[in-house]
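K.L.:
Dumping the structure here so I can ask a few things about it.
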Amino acid sequence: MEVPDGTVSIVLTLEGQLQIMGPTPSGVGHSTKDSGYRLFRSLVVGVHTVPRLGGHDGRWCGVAILLAPWSVRTVLGLAAHELTDQIVDLDEVLSHTFSGELLERLGEARSWADRFALLDRTLVRRPRPEPTSLPRVVSAWRELERRPAGVLVPRLADEVGWGRRRLESCFREQIGLSPGNAARVLRLQHALHRLVEGGSVAEAATAAGYFDQPHLNHEFRRMVGRTPTEFLRARRLRLPGPPLEDRAPGLITSAVASPLRTGTRQGRPARTS
C-alpha cells in the first residue's frame, strides 16, 4: 500500500509486472480476473490524495523515479493536474516508441550507474520550458510544507504576491492539487512521521496541526484507508524477501496490505537497486 506523499512517480519495469488497484483511465493497463486491478509494465502515478494498492509476484526488477509535482511539465511535458489521482501507462505519456526504446536501452545497460546516467540524459535533462509563475508556486508549496496547518490560503497568496484566485489556479495547474488539498497531504506526512517515530496518536494530531484526534482519524480513513493504529500495524508486518522500505528518504510512503490474490505480494514498494 502506498499513501499520499506529494510526489509523482515514474516506474520503469525491466523484469516482471506490477499489479495496481485504483482509478485508471479507460483502456489503460491490462485487466486481471480480480475486478479493479490492472497489470502494468511501466507507469506514471500522479500526485494523489487516496491510498494505492499494488504488488507483484515476487520477481520484479526496475527503477522508480520520484518527481516534485511542479517538475512534471519539465520532465514529461504535461501539466501536473492531468495526472492527479491517476495511474497512467508510460506509453500514454512518452509514446510507445520512446518508452519501448528507453526500456530496451535500460535492459542492455551494464550497470545501475549506466542506467541512471541514461535516465538523466533522456528524461531529467530534456529541455522543456517552465512556466514563469513556477518560482512563486514552489515558494507557496515550501511554505505549506513548513506549516501545513498554520497558514490560510488568502495569507499564503499575499505572501507570494498574488490574489487568491491566481494562486489556486497556478497551484492546480503546476502541483495538481488545490492549496488546501496540498496542505492535507503535507499535514498527513507530518503526522505519519510523528507516529513512525513513536509518538502517540494524540501527539501526532497536535504536532501536525489537526483540530483534535478525531480529525486526524477522519483524515487517515479518507487518505490512508485505515486508522493510524492499523497503519502502524501494517508497517510492522513482514513479507518474505527484503524488508519493506519507503520509496524516498524523508517520506513515509508504504505499508504492507492484504494480498491482491494468491501468490501476489502486496504493498511492497518498487525497489530502486
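K.L.:
Let me check against my output: what whole-number percent is the relative contact order of the stretch 134-227, with C-alpha pairs under 8 Å and at least 6 apart?
P.N.:
Worked out over the stretch 134-227, it gives 23 percent.
K.L.:
Same structure again: Show me 152-161, 39-48 ranked by packing, highest mean number of other Cβ atoms within 10 Å first.
P.N.:
39-48, 152-161
K.L.:
Same structure again: Would you mind working out the magnitude of the charge dipole of the stretch 134-227 relative to its Cα centre, with +1 at each Lys and Arg C-beta and -1 at each Asp and Glu C-beta, to the nearest 20 Debye?
P.N.:
Dipole magnitude for the stretch 134-227 comes out near 240 debye.
K.L.:
Per-residue counts of other Cβ atoms within 10 Å, averaged by peptide: what ranking do you get for 185-196, 109-120, 77-88, 211-222, highest first?
P.N.:
Final packing ranking: 185-196, 77-88, 211-222, 109-120.
K.L.:
Counting other C-beta atoms within 10 Å, which of 61, 170 has the fewest, and how do the rest follow?
P.N.:
In order of increasing Cβ crowding within 10 Å: 61, 170.
K.L.:
What FRET efficiency would be calculated for the residue pair residue 98, residue 203, taking the C-beta separation as r and a Förster radius of 51 Å, to the nearest 0.05?
P.N.:
It comes to 0.60.
K.L.:
Write down Rg/Rh for the stretch 134-227, rounded to two decimals, with Rg from the C-alpha atoms and Rh from the Kirkwood relation over Cα pairs.
P.N.:
Expressed as Rg/Rh, it is 1.02.
Throughout, read-outs are computed from the coordinates displayed, never taken from laboratory work. Treat the numbers as computed from the prediction; the structure is a model and nothing was measured. Neighbour counts are summed over all protein chains in view; Cβ atoms, including those assigned to glycine, are modelled from backbone coordinates with ideal geometry.
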